[in-house]
Structures are given as structure tokens and as C-alpha cells.
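J.: Take a look at this one; I'll ask things after.
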Amino acid sequence: MGWRLVERLAGAQVWRDFEGLGEWCRCGEMILGKPLTYMNESGRFVGALSRFYKIAPGGILVCFDDVALPLGRLRLRPGGSSGGQKGMESVIALLGTEDIPRLRIGVGPQPVGMDSAAFVLSRFSSREEQDLEAALQAAQSAVLMASCEGFEAAMNQFNPAS
């Protein structure tokens with residue numbers, strides 16, 4: 001989901017290699033990135049890119065799918081644990097802080113007894129794709145709002161009331 005989101009944000013921008021760890025492009029004031037490492041090593045790319053561009057952890061927004069959230073639900077958080085998501089765990093470890101904003105895009109629930117990797121790599125049904133299309137549109141708006149108006153404004157607008 002993170003890849004799908006940043007590709008939407010990039011539009012027709014040209015992606016460039018970054019040290020063989022991933023691809024990046026500039027979209028206005030934002031630098032977008034797609035790790036090419038294994039997911040559980042995403043922190044190698046995020047860490048290297050953030051050091052090169054001198055981006056503090058609080059200025060990063062990590063976007064990823066989350067099996068713990070219902071399909072299509074968005075959740076913006078300014079920091080916290082990885083919640084068991086291996087890519088986020090790697091980012092936290094390599095940046096040395098949990099204070100990294102993130103946007104979680106729900107792809108759950110994961111069927112009981114199904115392997116997490118198999119679940120997130122499986123194809124979505126056409127109905128699920130419709131729900132995810134709406135979620136990706138909202139996620140794109142959330143990222144743009146966070147960039148232009150601040151993370152708190154995006155959290156207030158896009159996090160579900162609970």
C-alpha cells in the first residue's frame with residue numbers, strides 16, 4: 001500500500017535509484033521514496049535517504065499497510081511502537097527513535113491461521129480493490145494535508161473518531 005500511495009503522489013515524476021536501496025523522486029517540497037530492500041530492512045533505505053537529505057525523523061512520514069486495521073481504514077500517528085510491522089520496526093531501529101510519523105492503511109483483518117507474509121502478498125478481490133481505491137484517495141489527501149497544513153491537522157481530519 002505504501003508503494004501504491006507514493007506512486008500516486010509522484011504522478012509522472014521520474015524515479016531515481018538511491019544507492020541500490022530504493023528509488024526516490026521529488027514532488028514539490030516532498031521527497032518520496034520506495035525501498036527496494038526486503039520489507040523488514042526498509043530502515044536501511046529510509047535511514048540512508050534521510051541522512052543524505054538531512055531530514056529529521058519527525059519530518060518523515062512512513063506509509064504502510066497494516067493487517068490490524070480493517071480494510072480501507074486510515075490511521076495517522078506521530079510515533080509509537082512498530083505494532084509488530086517489520087518494516088516500521090526496521091525504520092525505528094535504524095533511526096534510533098519511535099518518534100517517526102506514520103500513516104497506516106488497513107488491509108485487515110488477516111484470516112486466523114494465515115501467515116502474515118502470505119496474506120499481505122495475496123491479491124485483493126475486485127470489491128476490496130474498490131475499498132482500497134477510496135482509501136488510497138483519502139491517504140493521498142492526508143499526506144498532502146500533513147505536508148501543507150501540518151501533521152496534527154491531517155490527524156484531526158483523517159483519523160476515525162473513537
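J.: Taking the Cβ of I31 as the center, what net charge do the other residues with Cβ under 12 Å away carry, scoring Lys and Arg +1 and Asp and Glu -1? The partial results should precede the final answer.
T.: Details: positive: R16, R26, K34, K54; negative: E23, E29.
Computed value for this residue: +2.
J.: Now for a separate question. Taking amide H positions as placed 1.01 Å from N in the peptide plane, with prolines and chain starts having none, which residues 5 or more places from C63, or on another chain, fall under 5 Å of its amide H?
T.: L103
J.: Let me ask you something else. Using DSSP H assignments, which helices in the chain have an axial alpha-carbon span of 20 Å or above and a mean Kyte-Doolittle hydropathy of -1.0 or higher?
T.: On the way: long enough: 126-149 (34 Å, -0.17).
Going by DSSP H runs, the hits are 126-149.
J.: When each pair of different Cα atoms in the stretch 89-162 is counted once in the 1/r mean, what is the Kirkwood radius in angstroms, to one decimal?
T.: Values: mean 1/r = 0.0681 Å⁻¹.
Radius from the Kirkwood sum: 14.7 Å.
J.: Please report the antiparallel percentage of DSSP beta bridges with both residues in the stretch 2-158, rounded to the nearest 5. Write down the numbers at each step before the final one.
T.: Numbers: 13 of 19 bridges.
If I count the DSSP bridges inside the stretch 2-158, around 70 percent turn out antiparallel.
J.: Using helices alone, I'd like the mean residue ellipticity at 222 nm for the chain: each DSSP H run of four-plus residues gives -39500 (n - 2.57), total over residue count, nearest 500.
T.: -13000 deg cm²/dmol
J.: For the chain, set up a GNM with springs between Cα atoms under 10 Å and report which of F64, F151, F124 has the largest fluctuation.
T.: Of F64, F151, F124, the Gaussian network model singles out F124 as fluctuating most.
J.: Starting from the coordinates of the alpha-carbon atoms of the chain, obtain the Kirkwood hydrodynamic radius over all distinct pairs and give the value in Å to one decimal. Don't jump to the answer; show the numbers that get you there.
T.: Details: mean 1/r = 0.0623 Å⁻¹.
Evaluated on the chain, it is 16.0 Å.
J.: Also, I was wondering about something else. List the residues, sorted by chain then number, that are 5 or more residues from G22 or on another chain and whose placed amide H is less than 5 Å from its amide H.
T.: Residues meeting the amide H criterion: L36.
J.: Might you report the magnitude of the Cβ-based charge dipole of the chain about its Cα centre, with Lys and Arg at +1 and Asp and Glu at -1, to the nearest 20 debye?
T.: Roughly 100 debye for the chain.
J.: Go from 0 up to the bin containing the longest alpha carbon distance in the stretch 81-123, width 5 Å each, and give me the % of pairs per bin.
T.: It works out to 5, 18, 28, 20, 15, 11, 3, in whole percents.
J.: Any idea which of V107, A93, V143 is furthest toward the positive side of the dipole for the stretch 29-162, if Lys and Arg beta-carbons carry +1 and Asp and Glu beta-carbons -1?
T.: Farthest along the dipole direction, towards plus: A93.
None of the figures in this text is laboratory data; all of them are computed from the coordinates on show. What you see is a predicted model, and the numbers here were worked out from it, not measured in a lab. All Cβ positions, glycine included, derive from the backbone under ideal geometry; neighbour counts span all protein chains shown.
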